[in-house]
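Novice: Here it is, the structure, as structure tokens.
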Amino acid sequence: MFKKILIANRGEIALRIICACKELGIRTVAIYSEADRNSLHVRFADEAICIGPPQLSQSYLNIPAVISAAEIANVDAIHPGYGLLAENANFAEVCETCNIKFIGPPPEVMRLMGEKEKARAAMKKAGVPILPGSEGILGSDAEAMEWAEQVGFPVIIKASAGGGGRGMRIVRSKEELPALFKAASSEAAAAFGNGDLYMEKYVENPRHIEFQVLADQHGNVVSLGERECSIQRRHQKLLEESPSTQVTPELRAEIGGILSKTLSGIGYMNAGTIEFLMDRERKLYFIEMNTRIQVEHPVTEMVTDVDLVKSQIMIAADARLQDVLQGPVVSRGHAIECRINAEHPEKFTPSAGKITVFNPPGGTGVRIDTAAYAEGVIPPYYDSLIAKLIVRGKDRPEAISRMQRALGMFVVEGIHTTIPLHRRILAAPEFLVGNTDTGFIERFLAASKELAAQAKS
Ligand code: MV4
């Protein structure tokens, strides 16, 4: 087992990784920027090294600075968390070269999944269902037109280097295709330094459902079921739950089986998330794979009782899945996560500053992952997630009422948060019946606006 791990991250996920290390008896090294001197990840790590000024490019994204810290502290491994360097194959390669274990899949596999068109082709070849669409990178708008007519409008053009919605265009007719192709291509080139595009049939208001897997370094893969993550705004997830109300045990087993075979064949290792879209017929189609631990991993942990971060570390240290899991994975009850962001409630703009009061809720079935504390300052340089409130109940109704009461007891003062928004979402009739496709937030916000206008008149 590793003796010492460097955590190449900050905030709640850095603390989450420190928790896993402490329970495994592994020493921890935090890295931090000048803006994070008073952070809890610095306080709770065994060692901490300042790696630069607040700007991400000069601190948490500065590969030479991160590697220097790892060399000075003489660590065996680096856990990248999510975001930042977590899906940077070059970083994983540098770690390997320096004889430091990168806790994640091999760089080649990260690179394959980072090229969305290649990932799609690999999944198709292995028998994972994908949407009808183009084969290979689109060479020109003329080629795009040929595929679009074969697939049938509406189609969606996506950046192969993309993800998170950038370089994406929905095309509803022949006439608008050339201009949208050009726009997507230049947006992708500017954002990712790569203008490569591919095409899929467009699914109207799909659900976003993702499967969590763990794979060891000996070819064994296990599926830990799905998370439903359709409640998002501007490609930022707000609320996630597990299981999905729309996935039957048969469908879960079918997809789990296909994924195990496929990922074993690809040589996948460590934790991974396979994203699907679900259409009105409740069919699942692969769209992308994430090669990291995700923000919403706790909902899977709550229903399966598997510690995913500890599993990642043990797998990277060459443990076998059977020794990591010590028995079959069984899912019980229902879990929900609300992302508590420091942001303005209506405008969704970041709300940095000092937290004056911080009273997190507790009680049965409640978990909070956070690095926030009273009198702590939320710096303006980083993302706005300040806490994740996760609950588990015996079923969805119990999880919902538990989340409502926990949100009602979560007091944060000094900054604006998404707590009031979550309370309203959880009370929405559409949410209560599980009608949570990717169009939910838009309908919900329009209805809230309507209600507010009526109340005034
Ligand atoms: C789609 C789609 C409809 N049809 N692909 C958005 C981000 C990127 N990861 C994939 N995305 C989408 N791909 C096809 N063929 C609709 C979206 C989409 C979406 C997906 C998941 C969650 C929220 C979304 C919001 C808008 C669009």
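The values are calculated or read from the model by the stated rules, or taken from the named source; none is laboratory data. Keep in mind that what you see is a predicted model, and the values were worked out from it rather than measured. Cβ: placed from backbone, ideal geometry, glycine included. Neighbour counts: every protein chain shown. For the accessible areas, the whole protein counts, side chains as well, though only heavy atoms, and no ligand, DNA or RNA atoms are used. Shrake-Rupley method; radii C 1.70, N 1.55, O 1.52, S 1.80 Å.
Novice: Mind ordering 344-357, 252-265 by average Cβ neighbours within 10 Å, highest first?
Specialist: Final packing ranking: 252-265, 344-357.
Novice: Normalise the Debye intensity by I(0) for region 4-103, one equal point scatterer per Cα, no solvent, then take log10 at q = 0.15 Å⁻¹ and round to two decimals.
Specialist: The Cα Debye sum returns log10 ratios of -0.49.
Novice: Another one. Taking 25 Å as R0, compute the FRET efficiency from the Cβ-Cβ separation of Glu34 and Asn74 and round it to 0.05.
Specialist: E(calc), rounded to 0.05, equals 0.55.
Novice: Above 13 angstrom, tally the Cα pairs of region 132-201 and express them as a % of all pairs, no decimals.
Specialist: Percentage above 13 Å: 55.
Novice: Shifting gears a bit: Taking the Cα centre as origin and putting +1 on Lys and Arg beta-carbons and -1 on Asp and Glu beta-carbons, what dipole magnitude results for the chain, to the nearest 20 debye?
Specialist: 900 debye
Novice: Okay, moving on. Taking a spot 7 Å from the Cα of Ile137 along the direction of its beta carbon, which residues of region 145-167 have an amide N less than 13 Å from it?
Specialist: Within reach of a label on Ile137, which here means backbone N under 13 Å from a point 7 Å along Cα→Cβ, region 145-167 contributes 159-162.
Novice: Sorted from largest down, what three extents in whole angstroms do the Cα atoms of region 270-402 have along their principal axes?
Specialist: 46, 41, 32
Novice: Over region 364-457, with every protein chain in place, what whole percent of the accessible area is carbon and sulfur at 1.4 Å, could you tell me?
Specialist: 58 percent
Novice: How high is the FRET efficiency from Lys456 to Lys182, r the C-beta distance, R0 45 Å, rounded to 0.05?
Specialist: Efficiency at R0 = 45 Å is approximately 0.55.
Novice: Take the residue pairs Lys125/Lys201; Lys201/Lys283; Lys118/Lys283; Lys174/Lys237 and return only those whose Cα atoms are more than 25 Å apart.
Specialist: Going by Cα-Cα distance, Lys174/Lys237 fall outside the 25 Å limit.
Novice: Using a cut-off of 28 Å between alpha-carbon atoms, which lysines can reach Lys3, once sequence neighbours fewer than 8 places away in the same chain are excluded?
Specialist: Partners within reach: Lys22, Lys101, Lys310.
Novice: What are the semi-axes of the equivalent ellipsoid of the chain, taken as the square roots of 5 times the eigenvalues of the Cα gyration tensor, listed largest first and rounded to whole Å?
Specialist: 32, 29, 24
Novice: For region 188-283, what's the radius of gyration and Dmax over Cα atoms, in angstrom?
Specialist: 15.3, 43
Novice: Between the alpha-carbon centers of region 320-395 and region 186-244, tell me the distance in whole angstrom.
Specialist: Distance between centres, Cα-based: 20 Å.
Novice: Using per-residue counts of other Cβ atoms within 10 Å, averaged over each peptide, order 149-158, 13-22 from highest down.
Specialist: On the way: 149-158: 18.2, 13-22: 22.9.
Descending packing order for the listed peptides: 13-22, 149-158.
Novice: Sorted from largest down, what three extents in whole angstroms do the Cα atoms of region 74-122 have along their principal axes?
Specialist: 40, 20, 12
Novice: In nm, what is the difference between 0.36 nm times the number of residues separating Thr364 and Lys449 and their Cα-Cα distance?
Specialist: Full extension from Thr364 to Lys449 adds 27.1 nm.
Novice: Restricting to DSSP H runs of at least four residues, report the calculated mean residue ellipticity at 222 nm for the chain, -39500 (n - 2.57) per run over all residues, nearest 500 deg cm²/dmol.
Specialist: Here the helix-only value at 222 nm equals -11000 deg cm²/dmol.
Novice: Another one. To the nearest whole percent, what portion of all C-alpha pairs in region 119-257 is separated by more than 18 angstrom?
Specialist: 63 percent
Novice: Okay, moving on. Please give the direction-averaged projected area of the C-alpha convex hull for region 285-337, in square nanometres with one decimal.
Specialist: Mean orientational projected area (region 285-337, Cα hull): 4.7 nm².
Novice: Can you report the principal axis dimensions of region 207-451 using only the alpha carbons, biggest first, rounded to whole angstrom?
Specialist: 50, 41, 33
Novice: Could you provide, to the nearest whole Å², the per residue accessible area of the chain with probe 1.4 Å?
Specialist: With the other protein chains kept in place, the chain gives 42 Å² per residue.
Novice: How do 401-408, 209-216 rank on mean C-beta neighbours within 10 Å, highest first?
Specialist: Ranking, from highest mean packing down: 209-216, 401-408.
Novice: At a temperature of 37 °C and a viscosity of 0.692 mPa s, determine how fast region 310-350 diffuses translationally according to Stokes-Einstein, using the Kirkwood radius over alpha-carbon pairs as Rh; express D in µm²/s, rounded to the nearest whole number.
Specialist: 233 µm²/s
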